[in-house]
Amino acid sequence: MFSGARPPTVQGALRIVMKRIQNKDVPYEHSLYVWKVSNCEWMFQTDRPEIKRKMMRKAGFDLVGWGYNCNLWVYKKTYFKPYNALRGASRITGREMIFDRVKLLYYAENGSASVHQNEDADI
């Protein structure tokens, strides 16, 4: 996924993504970014408080980075198969994950996290 002999460390991967986000030409416009750091380590980055709360409740998600004076959280989780990582991300956001070949990461489109209310229910 990354060029070179060794994949970057967690800190190195965070620096790469933060540089991409700080670039003013590439706006931060998606609710969840997911990328692979090593053979079985995956990083999940969001700016949405509702997605952050869902990741806090799930087992195995470790908070490894956060933004000061902004809503930005980065979590790390171990998945042994890429399919399981993307399925977990889709369940958190309620949206399909899309692969970006230029940035080499997956993302979910902006929108509310999968919270739906039955319109026929009496309130």
Notebook entry, point to check: If you check Lys76 against the conditions, is it at pLDDT 90 or above and outside any loop (DSSP other than H, G, I, E, B)?
Noted result: yes
Notebook entry, point to check: Pairs under 6 Å by beta carbon, first residue within 16 Å of Val37 (Cα to Cα) in the range 91-109, partner assigned to a helix (DSSP H, G or I), six or more apart or different chains?
Noted result: none
Check: Residue check, Leu104 against (1) under 10 Å from the mean Cα position of the chain (by Cα); (2) modelled with pLDDT under 90, all met but one. Which one?
Finding: (1)
Margin query: So Met55 passes all but one of these: (1) crowded, with 19+ Cβ neighbours inside 10 Å; (2) under 21 Å from Leu104 (Cα atoms). Which condition number does it fail?
Written below: (2)
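The values are calculated or read from the model by the stated rules, or taken from the named source; none is laboratory data. From a predicted model like this one, the values you see are computed outputs, not experimental measurements. Using ideal geometry, Cβ is built from the backbone for each residue, glycine included, and neighbour counts are taken over all protein chains shown.
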